[in-house]
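What follows draws every value from the coordinates through simple rules; no lab data is involved. All figures in this text were calculated on a predicted structure; none of them were measured in a lab. Please note: Cβ atoms are built from the backbone with ideal geometry, for glycine as well, and neighbour counts cover all protein chains shown.
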């Protein structure tokens with residue numbers, strides 16, 4: 001543990017000699033210790049890389065308090081290693097994979113620009129913009145070899161205020177029994193089944209509220225450095241992102257003649273003569289079932 005950590009703790013807790021903490025006496029603000037955890041307590045950390053059939057969490061032990069922006073440190077007894085729970089932008093740049101991670105970030109920003117996700121505007125008076133963060137992931141093959149480096153720009157939606165920059169957040173998900181029923185129908189009638197995964201699903205959703213976000217670090221436009229991003233479409237991390245994508249999906253499939261099931265809103269059907277087609281939506285995964293699926 002860093003030798004500065006005990007000093008940090010002492011400066012943020014009260015003592016018998018003074019009524020206020022050293023931090024409060026120096027800054028005039030009462031410190032928040034909500035992030036503090038008990039050393040050695042159990043913690044469940046999400047896997048960075050896992051398949052749909054493997055557990056999503058693994059059991060670890062908390063060992064070090066957060067230090068600046070480097071995240072939380074945990075001990076994994078299975079691998080006998082101490083690791084950082086989440087990779088941040090500051091950690092990604094000096095890492096051995098920095099070039100490939102930066103390339104993934106540029107690819108993400110190019111996608112944002114092509115889809116015109118935001119416009120740069122002056123921050124309105126009395127409005128506080130939300131922040132952003134980068135989430136990195138390595139996709140591997142069956143042998144564990146890294147195939148793809150992904151960088152996702154995510155908005156800090158936990159700073160949104162209900163009734164101000166978001167309202168409804170509910171988004172339906174297909175029930176497993178509905179999927180099983182349609183798979184049974186497909187097997188009985190020998191229908192074709194296709195599976196599709198939407199790469200950038202959430203950014204297709206339109207925003208009805210005014211949401212402002214600070215410009216992502218490292219990609220700030222020099223001539224508009226003082227401006228903020230006014231989001232035109234949803235971005236990962238926003239509370240209404242999933243709902244916006246679902247509404248956009250429903251509006252789009254209606255144009256192709258699909259009708260939503262009243263009892264199962266994530267299942268849609270289309271009958272055209274002898275041609276039968278079904279769509280099943282599960283967040284960003286789509287199952288296409290029918291007797292006229294092109295091969």
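Remark: relative contact order (the range 158-295) = 33 percent; criterion is Cα-Cα distance under 8 angstrom and separation of 6 or more residues. Applying 1/(1 + (r/R0)^6) with R0 = 22 Å to the Cβ-Cβ distance of residue 206 and residue 152 gives a FRET efficiency near 0.65. Global size of the range 91-290: 20.1, 62 Å for Rg and Dmax (C-alpha atoms, Rg to one decimal, Dmax whole). The gain in end-to-end length when the residue 141 to residue 78 segment is fully stretched comes to 20.5 nm, 0.36 nm per residue minus the alpha carbon separation.
With R₀ fixed at 30 Å, the C-beta to C-beta distance from residue 195 to residue 161 puts the FRET efficiency at about 0.20.
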